[in-house]
Structures are given as C-alpha cells and as structure tokens.
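Everything below concerns the one structure shown next.
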Amino acid sequence: MSTQNLQSDWFQPSKEGQLSLDVFRDGDELVIRSLVAGVAPEDLDVSIHGDLLTIRGTRAEPKELSDEDSYYRECYWGAFSRSVVLPYETATDHVNAVLKNGILEIRLPIREHGKKVNVKWEE
C-alpha cells in the first residue's frame, strides 16, 4: 500500500458510533454502565484484555428511511464500539454483564492490590 493511500485511510472518519459510559465504584465492584437501547444481547460483544474493556455491537435500523422523508436524523444506527481503561485491577473471571431496559451494566470485582506474604522462620 502506498504512503498516500495509508495516510488517506488514516484520516477517514470512523464508521462506528461511540457509546457513552458511566464508570464508577460500588463497594468492592467496578461498574460500567451504558445505554444500548434497541440492541439485542446477541448483538453485543464485551471483552477484557489486561486493563482494557471493550464493548462492541450493532444497532439495526428498524426501517430504512430515505433522506427526503427525514426531517431529523440524530439516532445512530449501525456498528458501535467503546474501549475504556479500567481504573482498578479486577477479577475478570467473575464478571457479570446484564442488559435490562436498554441499559448494559457490567460489574467486575475489584482485586486487592498486593498480597500479604507470611514469612516462616527457618534455622
């Protein structure tokens, strides 16, 4: 691929929408919450790699509208994604993700930083 093609591809706007997220601590859990109205659970993909959580999905438009029939088009239809760096070390083997009333809520237990090591006396 030529340098010019690479540069023109690099500067193209993303064809994916971006989710808004709330990230907060609730006791011993880290909670990530996002509005994903109109998305079925099978159209969502949540993955964690190290300290990076990524949500990807697709929101299908219920009916294709022509431009001449539209007055406002503010809703995003199609593929979307969002990645966030987790502010705590989490127990990723105990993640709980629930989709209810158009709200995706992901709960991750926060791991304690460090681990106590008992020192044994030997002679």
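The values are calculated or read from the model by the stated rules, or taken from the named source; none is laboratory data. Everything quoted here is computed from the prediction, not taken from an experiment. Cβ coordinates were reconstructed from backbone atoms using ideal geometry, including for glycine residues, and neighbour counts include every protein chain displayed.
For the range 24-66, the set of residues classified as under 15 Å from I106 (Cα atoms) and among the aliphatic types (A, V, I, L, M) consists of L30, V31, I32, L35, V36, L44, V46, I48, L52, L53, I55, listed by residue number.
Among the conditions (1) modelled with pLDDT of 80 or more; (2) more than 14 Å from the chain's Cα centre (by Cα), P13 misses just one, which is (1). Look at the range 31-43: where a residue is at negative phi and exposed (fewer than 15 other Cβ atoms within 10 Å of the Cβ) and a partner is assigned to a loop (DSSP other than H, G, I, E, B) and not aliphatic (A, V, I, L, M), sitting 6+ places away or on another chain with Cβ atoms under 9 Å, you get L35/S20; L35/G102; A37/N101; A37/G102.
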